[in-house]
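Data first, discussion second: the structure below is written as structure tokens.
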Amino acid sequence: MKRNKKPLKILIIVATLLMMFYACIGTVFASTNEAKPLYNTLDQLVGKRIAYKIGGAHADTIMKHKYFKGTDTNMLSYQTESDCIIALESNKVDGFCTDLPVAQLCVNSDENLAIVPEYFQDEQYAYVFAKGSELEEPFNKAMAELKEEGAFERLQDIWMGSDESKKVLPEQDWDCSKGTLHYWVDNAMPPASYVKDGKLVGYEVNLVYLVAEKMHYAVEITGAQFGALIPAVSSGKADLCSGCITITDERKKSVDFSLPNYDAALVLVVLNDKAGTSDVGFFQSMEDSFNKTFLVEDRWELFVDGIGLTLLITIFAVIFGSLLGFGIYMLYRRNNRIINGATNIVMEILSKTPAVVLLMVFFYIIFKDSNLSGPWIAIITFSFTFGANVFSLLQVGVGAVDSGQMEGALALGFTKFQSFFKIVLPQAITHIMPTYNNEIVNLLKGTAVVGYIAVSDLTKVSDIVRSRTYEAFFPLIATALIYILLAWILIVITKAFARKIDTKFRKKEKILKGVNHD
């Protein structure tokens, strides 16, 4: 007896139709539930708080716009795009302005963001040269050839696409007989230029490689903050620089531009209407954030390198600064009017000038034509500032020792040299050691500004990681904890040294060693 299969076929057809129906309904709902920007036009942001990356021309462009001109719109500057995003998501600002390719990458990386559909203006980005640079003409010729060959489009497909495996720079195995191009680039401006797997990569970087190959130059890349790029070119530290730098009439007065390397626009990024509605749990989000901060692309190695550079600058500055301060103090004790007058002036300048200003004076002016690297210039700068502090401490500490101590030591048969180094100085150091420890901690914290001269210390590494993850929690918390640990280690070392020379813990025989008892 045959079974009637017709009902089964009808059931399969009905189930298939229902599945197709629900799929269509889901698609409709998905499209209607797509996240939309909270602001759809530029005029809705008039009078609001708008963030921008410091060093760029975006704030001027916005305030000259027909909607914003003469309004009380509050423009707030931040160091990086990631800082702007963090400010936006914590409701400190209502939007932030940036370049279109950067905005698209931010939106693709953060589900809470959206781009305002109405743009400010079209822009063109270019490489920057010093006024009258001999490199500009051959560089532009090579760029024109590459554009004709379609290289611009190919690079944009790679660096603005989603296939990470293609985002690799070529090896510099071409003819480099013409020399080396010293190229400075923003190290936190994806997809134009950013750090990936510990190396500076990006669309603009790759294009410079292709140009250099045609010109027969090698490329030496230095990553820096945006605000340091044009000063580096103007001072001769760099041959060229880039970082989504917009061609403007004002900038043309002080630097020269290459042919445009990208046509883009200035846009506003805002929160979307789905912001804060993610169903990802707290612990899952913390795990994801931890992985992005430390494990993806082995970013923990960046932190290790940053710690090493921070410690290098701090330790050398403490050693050289202490020796410098002590040497100046010993000269000061001779009471020579000329030496003492000059010392007072120099100490006043060093103690009153902010460390970041002094750092840039040394880097861009005093050592303008020097081949010294950024870390060594930082060591020299902080050695001077720490030396000034040590000089002041010695003045106070030695002054606090009773003058009768010196007289008593001389009466016991000590020489002036022995009296000072065996009796007076150890007591003075005991007085100043707590303050000296604080100065070391302040120096450690003060090195956080070396990013201004293209040194990737611990703080700068934190900025670089945040520019890739668009998150603040783990990069900042980890950085803070590392600074606390480093400060504790340095204080333990200095306290051990202080105990070694403290008269309370020294034996009488050692103090009187070499003294004539007759």
Under 14 Å Cα-Cα from Lys36, which aspartates and glutamates qualify once same-chain neighbours fewer than 8 residues away are excluded? Asp110, Glu111, Glu118, Asp273
Which aspartates and glutamates, on any chain, are close to Lys48 with Cα under 13 Å apart, when same-chain ones fewer than 8 places away are left out? Asp72, Asp94
Beyond 22 Å (Cα-Cα) in this structure, taken from Lys53/Lys214; Lys253/Lys352; Lys199/Lys460; Lys53/Lys92; Lys196/Lys460; Lys64/Lys147, we find Lys53/Lys214; Lys253/Lys352; Lys64/Lys147
Considering only the chain, percent of DSSP beta bridges that pair antiparallel, nearest 5: 60
Calculated [θ] (222 nm, deg cm²/dmol) that DSSP helices of n ≥ 4 give over the chain, each run adding -39,500 (n - 2.57): -16500 deg cm²/dmol
Compute the distance from the alpha-carbon center of segment 349-386 to that of segment 106-184, in whole Å. 32
For segment 391-490, alpha-carbon Rg over 2.2 N^0.38 Å: 1.70
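Determine, from the Cβ-Cβ distance of Ser403 and Asn442 and an R0 of 35 Å, the FRET efficiency 1/(1 + (r/R0)^6), rounded to the nearest 0.05.
Approximately 0.70, to the nearest 0.05.
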So, R0 is 56 Å and r is the distance between the beta-carbons of Glu137 and Val296; what FRET efficiency does that work out to, to 0.05? 0.85
Compute the distance from the alpha-carbon center of segment 393-461 to that of segment 201-277, in whole Å. 45
Among 313-319, 494-500, 90-96, how do they line up from the highest to the lowest mean number of other beta-carbon atoms within 10 Å? 313-319, 90-96, 494-500
Near Lys422, which aspartates and glutamates are there with a Cα under 14 Å away, not counting those fewer than 8 places off in the same chain? Glu407, Asp502, Glu509
How large a share of the accessible area of segment 30-177, in percent, is made up of carbon and sulfur atoms when the probe is 1.4 Å and the other protein chains stay in place? 45
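Using 0.36 nm times the number of residues separating Arg154 and Asp249, minus their current alpha carbon distance, what extension gain do you get?
Here the segment from Arg154 to Asp249 would lengthen by 31.2 nm.
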Note: Ser77 to Ile339 extended length (0.36 nm per residue) minus current alpha-carbon separation gives 89.9 nm
Result for the chain: accessible area per residue, probe 1.4 angstrom, in square angstrom, of 52
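Pairs of Cα atoms under 8 Å, at least six residues apart: use those to get the relative contact order of the chain, whole percent. Could the numbers behind the result be given before it?
Numbers: 746 pairs, mean separation 91.0, N = 518.
Answer for the chain is 18 percent.
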For Asp122, put the label point 7 Å out on the Cα→Cβ axis and report which residues of segment 241-261 keep their amide N under 13 Å from it. none
Over all pairs of different Cα atoms in the chain, the reciprocal of the mean inverse distance gives a Kirkwood radius in Å of 27.3
Once the Cα atoms of helix 6-32 and of the chain are each reduced to a long axis, what angle between those two axes, in degrees from 0 to 90 to the nearest 10, is obtained? 50
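For Ile477 and Ser177, calculate 0.36 nm times their separation in residues minus their Cα-Cα distance, and state this gained length in nm to one decimal.
On the way: separation 300, 0.36 × 300 = 108.00 nm, distance 4.68 nm.
Using 0.36 nm per residue and subtracting the Cα-Cα distance, I get 103.3 nm.
The values are calculated or read from the model by the stated rules, or taken from the named source; none is laboratory data. What you are looking at is a predicted structure, and each value in this text was computed from that prediction instead of being measured. Positions of Cβ are backbone-derived with ideal geometry, glycine not excepted, and every protein chain shown enters the neighbour counts. Keep in mind that these areas ignore ligands, DNA and RNA; they rest on the heavy atoms of the full protein, side chains included. Shrake-Rupley method; radii C 1.70, N 1.55, O 1.52, S 1.80 Å.
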